[in-house]
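Read the structure below first, then the notes.
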Amino acid sequence: MHMTQPFQMIQRDQRGITGLETAIIMISFVVVASVFAYTVLSAGLFASEKGKEAVYTGIDNARSSMTLSGSVVAKDTDNDDSVDEIVFILSNGIGGNGINMTTTTDSDSDGVLSDENTLTHTTIISYFDVYQEVADMAWTKTEVGKGDADNLLENNEKFEITIDVAHLNPRIQTEDTFILEIKPRGGASLIFERTTPVAIDKVNDLK
């Protein structure tokens, strides 16, 4: 008698989860899964948009790039065995967007443009060697060959760039290595390194 009573009580106790409770639990699972899925999908779409934005920015920068056309020339204009001017020709890298080559006049003739009262140039030319760094060198441009006489370096156009280096201290002399960086607005920079020969002539082709 004492052994069968608990068993009978267990058999009579038929309490459990009702259909309504099951439905509530299932709905909760579905809502949580939906929120999680939406979060993951939103993150994926955001990453995709950022990826496309980076690609388009890279393409736009590439289309605004410039390249050297021909040699880099060092000139000694006063025959003092030091370089006074560096001259080279730029062209539009892949025939893309026009590059603004408006210049600023070096009114005090000190070889730099950063100290001018009115700045009109957006393309910056910087100079580096083992002794010095000049962030904003003075330069001028001359259109070479076919062009439309404006300040944009466009497809099939070439500009000859002349940089004033006569005011560097120390001066560029024999077997000196220097780096020039041309930085247009919104495009990729053009950087090149050259070394002067063992003797400075009036005109020197820096290969």
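Read the figures in this text as sums done on the coordinates, not as results from a lab. Small disclaimer: the values here were computed from a predicted structure and weren't measured. Cβ sites come from the backbone with ideal geometry, for glycine too, and all protein chains shown count toward neighbours.
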Hey, does region 123-133 have a residue that's surrounded by 16 or more Cβ atoms within 10 Å (Cβ to Cβ) and over 14 Å from Ile86 (Cβ atoms)? yes
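Report, by residue number, each residue of region 158-176 that is touching a Gly at 6+ places or on another chain (Cβ under 6 Å) and assigned to a loop (DSSP other than H, G, I, E, B). Even if it seems obvious, please write down each step before you answer.
Pass one, region 158-176, residues touching a Gly at 6+ places or on another chain (Cβ under 6 Å): 158, 164, 167.
Answer for region 158-176, where residues must be touching a Gly at 6+ places or on another chain (Cβ under 6 Å) and assigned to a loop (DSSP other than H, G, I, E, B): just His167.
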Which residues, taken from region 140-175, are under 18 Å from Val203 (Cα atoms) and either touching a His at 6+ places or on another chain (Cβ under 8 Å) or in contact (Cβ under 8 Å) with a residue 60 or more places away in the chain (or both)? Glu160, Ile161, Thr162, Ile163, Asp164, Val165, Ala166, Arg171, Ile172, Gln173, Thr174
Which count do you get for residues in region 142-157 that are buried (at least 19 other Cβ atoms within 10 Å of the Cβ) and either assigned to a loop (DSSP other than H, G, I, E, B) or over 22 Å from the mean Cα position of the chain (by Cα) (or both)? 1
How about region 182-196: which of its residues are outside any strand (DSSP E or B) and without any contact (Cβ under 8 Å) to a residue 24 or more places away in the chain? Ser189
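Just one of Ser126, Ser109 is of a type in the set (Gly, Ala, Ser) and outside any loop (DSSP other than H, G, I, E, B); which is it? Spell out the reasoning first.
Values: Ser109 fails: outside any loop (DSSP other than H, G, I, E, B).
After applying the criteria, what remains is Ser126.
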What number goes with the only condition from (1) of a type outside the set (Asp, Glu); (2) in contact (Cβ under 8 Å) with a residue 12 or more places away in the chain; (3) farther than 27 Å from Asp201 by Cα that Phe88 does not pass? (3)
Sort through Ile179, Ile200 and tell me the only one that's among the β-branched types (Val, Ile, Thr) and assigned to a loop (DSSP other than H, G, I, E, B). Ile200
